[in-house]
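To start, the structure itself, in structure tokens.
None of the figures in this text is laboratory data; all of them are computed from the coordinates on show. Fair warning: this is a prediction, and the values are worked out from it, not measured in the lab. Heads up, the Cβs are rebuilt from the backbone with ideal geometry, glycines too, and the neighbour counts pull from every protein chain shown.
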Amino acid sequence: MSFYQQLARYYDLVFPYRPIQVEFLEKAFRSTGARHLLDVACGTGSQAIPLAERGFQVFGVDAGVEMVELAQKKAGDLPVRFEVAQMQDLKSLRQQLFAADGKAPWDGAYCIGNSLPHLEDDQEIVTFLSDLRRDLLQPGSLLIIQIVNFPAILSGQADFPVLRGEMEGAKVAFYRSYQELDTQRVTFCTRLEIEEPGQAPVRLENQFPLRALSQVKLQVLLQDAGFEPFAWYGDFGGSPWQENSPAIIVTSRVC
């Protein structure tokens, strides 16, 4: 069983629902009149489901089968749908699921949880963003992206606490760190520790490279893909972005 397959069961413990994230998304999308939202890398639906409860129609995609199954189970009869798909395959997903009537199916999209840097390089990121703009989002649609502030992390200005939770007697701890590979990439190091009653402790470790995007680089990639203008934030509370902010959050529009 892979690391993410193991993590799926405990995902909502180590990454619990945060109302402040949903409130930020709701406020931003209501300001543009968006009603049909695309959640890219949706996980277990921690944002999609509350947004559906607030009246949005949400379509969530994630590469993890287990994540999508959990999201579907949690959603019940709400107006939200989940499908398994890679970020790079969204264009083909639209062709499979929607009639070719020339109209893009969504008027808003978001990709949070530091998902965008999982794409391999700048070209793959621009291709993903271009597919969103050209084939999936209606003109004027709002796009929201959130990543960690890699420059602040690598310079020691920000760090990540251990995430802990407990479910059915099992104690779970999730550790994260970033190590610089070169000027453009970092290694994302994770460790999941699980202690269940009557069983030997389980320790799962994983490492994979991420594209270490800066605020300046992210803006260039968005512009190359046809998005602007931009508003930048340092957290979901709406604080203006600064060099030592823990996150980089941007809202932008389809030109």
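Here the chain carries DSSP beta bridges of which approximately 70% are antiparallel, counting only pairs with both residues inside.
By its C-alpha gyration tensor, with a ≥ b ≥ c as the square roots of the eigenvalues, how is the chain shaped: rounded for a/c under 1.5, else prolate for a/b larger than b/c, else oblate? Oblate shape, in that a/c is at least 1.5 and b/c is the bigger or equal ratio.
For the stretch 4-138, the dipole from Cβ point charges (+1 on Lys and Arg, -1 on Asp and Glu) about the Cα centre works out to 480 debye, to the nearest 20. Counting only Cα atoms, the stretch 152-210 measures 46, 20, 12 Å along its principal axes, largest extent leading. Can you bin the stretch 29-113 into rounded, prolate or oblate? Criterion: square roots of the alpha carbon gyration tensor eigenvalues sorted a ≥ b ≥ c, rounded for a/c under 1.5, prolate for a/b above b/c, oblate for the rest. Oblate. Among the lysines, which fall within straight-line cross-link reach of residue 171, defined as a Cα-Cα distance under 29 Å, with same-chain neighbours fewer than 8 residues apart omitted? Partners found: 73, 74. Across the chain, C-alpha contacts under 8 Å between residues 6 or more apart give a mean separation that, scaled by the residue count, equals a relative contact order of 18 percent.
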